[in-house]
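Worksheet: the structure to be examined is printed underneath.
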Amino acid sequence: MISFIPEKKGFLRYGISFAPKVAGAESNLAIYVSRFGHTAGWISRLGEDEFGHLIQNEIRAEGVDTSLVKFVEGGRSGVMFRQMLPGRETSVFYYRNGSAASEMQPEDVPADYIRGAKILHLTGITPVLSESCLETVKKAVKTARDCRCLVSFDPNIRKKLWSGRDYRGILRDLTLEADIVLLGREEADILFGTRKPEEIVSRLFSDGKARYAAVKDGSRGAVVAAPGETVEILPYPCCCEDPIGAGDAFNAGFLSGILEERPIERCGKMGAAAGAMATECVGDTEGCPSRWQLELFLQGREEVAR
């Protein structure tokens, strides 16, 4: 979707100017994974409008395969507005009802495409957009299972999109179905009734199908785990300008480590470093580094600026 970023902080009611940016948890992750040196594809529907073409152009320019994106004639692309107030969490206002993406269908996700992937990444945003989106996500998971493709899932709870319905059961089931689980402590509390990382990890491995897990805690770091191994990942120092997109950057770093068959601690550090760097610029993807910049950051080195 298009995210309108205010050019200054304050209440939107006072006529603040905006800059349009491309946003979306799944597209963010695809862009980050591509920057980290891996191939990525993004499946969605877009409106046959100027915003739709802007979204595809921006994502495709990052090296992400958008060949399965469908443009809907007469449809419109989703939009959201951010409100940034000093010292407060960023507020988001969605205008997504009836958007092209909210009308995705199971046939939009072909088995042959999933069969060629190592990891299918999904979030809890898509299944709450509509019944057809929920069925699309369920079919994608089943297809990945049939193809022996790992399923990665981030609940990414956005209650503003729930429209009064309780999606906890659905998101809990999808979380327990995933091979790779990436969630925040607050989300774990909503879905499993605990914020304790050791209890969350135990639940994911004992009741679910998880082979890898990351429990994210923002500026306080994370806990990452594989069966028989749990590691605390300390936060990396950064100059935070905008935390939006940091979780997606963490996910991309963590998944890149898995793709490279790195030890779980290294996966966690890649995720934490990417997440920290992503906060240093305003915008969902503007702050996320290249692979070279990420490696310099992990080594505690700085890029020569002049």
* Return the residue satisfying two criteria in turn: it lies in region 59-76 and is touching a strand residue (DSSP E or B) at 6+ places or on another chain (Cβ under 6 Å) and modelled with pLDDT under 95, and of such residues it is most open to solvent (accessible area, probe 1.4 Å). => Arg76
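Just to check your reading of the model, which residue among Gln83, Gln56 is more than 17 Å from Thr285 (Cα to Cα) and surrounded by fewer than 21 Cβ atoms within 10 Å (Cβ to Cβ)? Even if it seems obvious, please write down each step before you answer.
Details: Gln56 fails: more than 17 Å from Thr285 (Cα to Cα).
Just one listed residue meets the conditions, Gln83.
Just to be sure before I move on: is Gly287 at pLDDT 95 or above and at negative phi in the structure I sent?
Criteria not met by Gly287.
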* region 8-50: number of residues that are touching a Lys or Arg at 6+ places or on another chain (Cβ under 8 Å), in contact (Cβ under 8 Å) with a residue 60 or more places away in the chain and either open to solvent by 20 Å² or more (accessible area, probe 1.4 Å) or in a helix (DSSP H, G or I) (or both) -> 3
* Say we look at region 109-119 and pick out the residues that are touching a residue at least 12 places away in the same chain (Cβ under 8 Å) and outside any helix (DSSP H, G or I); which of these is farthest from the chain's Cα centre (by Cα)? -> Pro110
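Do you know which residues across region 246-289 are open to solvent by 40 Å² or more (accessible area, probe 1.4 Å) and in a loop (DSSP other than H, G, I, E, B)?
Glu260, Glu261, Arg262, Pro263, Glu280, Cys281, Val282, Glu286
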* To do: Any chance you could count how many residues in region 224-245 are under 19 Å from Glu198 (Cα atoms) and either open to solvent by 80 Å² or more (accessible area, probe 1.4 Å) or free of Cβ contacts under 8 Å to residues at least 12 places away in the same chain (or both)?
  => 6
* Asked: Could you say which residue among Arg266, Arg220 is closer than 28 Å to Gly116 by Cβ, of a type in the set (Lys, Arg) and free of Cβ contacts under 8 Å to residues at least 40 places away in the same chain?
  -> Arg266
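The values are calculated or read from the model by the stated rules, or taken from the named source; none is laboratory data. Computed from a prediction, not measured in an experiment: that's the story for all the values here. Because the Cβ atoms are built from the backbone with ideal geometry, glycine has one as well, and the counts that use them run over all protein chains shown. The area values use the complete protein model at the heavy-atom level, side chains included, leaving out ligands, DNA and RNA. Shrake-Rupley method; radii C 1.70, N 1.55, O 1.52, S 1.80 Å.
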